[in-house]
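See structure below.
The values are calculated or read from the model by the stated rules, or taken from the named source; none is laboratory data. The structure displayed is predicted, hence computed values, not measured ones. Ideal geometry is used to build each Cβ from the backbone, glycine not excepted, and the neighbour counts take in all protein chains shown. The area values use the complete protein model at the heavy-atom level, side chains included, leaving out ligands, DNA and RNA. Shrake-Rupley method; radii C 1.70, N 1.55, O 1.52, S 1.80 Å.
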Amino acid sequence: MEFIDYYKILGLDKTASAEQIKKAYRKLARQYHPDLNPNDKDANKRFQQVNEANEVLSDPEKRKKYDQYGQNWQQAEAYEKARQERQSAGDTGFGSYGQQEAFGGDFSSGDFSDFFNSMFGGSARSGRSQVKFRGQDYNAELQISLKEAYTTHQRVFTINNKNIRITIPAGIANGQTIKLKGHGGPGVNGGPPGDLYITFNISEDPVFKRLGDDLYATIDLDLYTALLGGEKTIDTLDGKVKLKVKPETQNGTKTRLKGKGFPVYKKEGSYGDLIITWFIKIPVNLTEKQKNLFRELSQS
């Protein structure tokens, strides 16, 4: 059987401290834990390797023996015999097993490699407390319209066969992500659940374009109202508004409507502006009389 490099399994070097070993183990054990990787044989194998590496490197006696013999691990048996002779003479050698607090899952010797069982005689610690792992975070996307994003409203999600009612605040931005704490995957070994992250995708509106908290819209205006002035009723996300149009309004003229834009996120009563751009429509299908009137105007 081949020598197993436990430091390499944990991504550490031989100078790693006990705290570094603990952190590396916790990270990898969570990554490959069977409860988080169901039906994944490769992950299960890696989990067992990580656990075995931790079993050795987190125990001062096992680690010292492992470091001392390394590639010459076959000499461990002779070492053990000599150690027992010293113990019989009153020398406790490296000390006794089980003095270091364990932080792994419950594993029997059958979960360890032949290399481990040969070097350590299957002396895995038992009765150890299991690590509590936080559950996985979930990510979801929600498509809503600009009109829906304009008002505070509720939606119901189904996560793990459980209905979750959420309130979407008015003014939510396209691409914005909110976190629902504790609505992710279940924890492992009694650990806390993960979180649910929801990213909002806001559909483009056929009339209004949103830039920050301001809305922009291009509105048709007939030539006669543009020339003579008058009134024009337009739609906003908050209902209809009647605007006064100044005489001789030019094509492309902009009109700003204060407070008729988009609500400011989580600032109740605060709104951006609505900027209207007038697009003057040229009349079509004119009668001869109407054409003559325009000819007269062009010559005046």
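The DSSP beta bridges internal to the range 142-300 are antiparallel in roughly 70% of cases. Listed by chain and number, the lysines whose alpha-carbon sits under 21 Å from that of residue 266, ignoring those within fewer than 8 places in the same chain, are 147, 179, 181, 209, 258.
Within the straight-line cut-off of under 14 Å between alpha carbons, the aspartates and glutamates reachable from residue 281 are 220, 222, 248, sequence neighbours fewer than 8 places apart in one chain being disregarded.
Along the charge dipole of the range 135-288, Cβ charges K/R +1 and D/E -1, which of 140, 167, 245 sits furthest on the positive end? The residue sitting most towards the positive pole is 167. Here the dipole of the range 189-300 is about 400 debye; that uses its Cα centre as origin and unit charges on the Cβ of Lys and Arg (positive) and Asp and Glu (negative). Accessible-area rank, largest first, for 199, 218: 218, 199, with all protein chains present and a 1.4 angstrom probe. The alpha carbon centroids of the range 174-191 and the range 12-53 are separated by 23 Å. Take the range 5-74 with all the other protein chains still there, run a 1.4 Å probe, and you get 55 Å² of accessible area per residue. In the context of the full protein assembly, residue 300 retains an accessible surface of approximately 120 Å², using a probe radius of 1.4 Å and ignoring ligands and nucleic acids.
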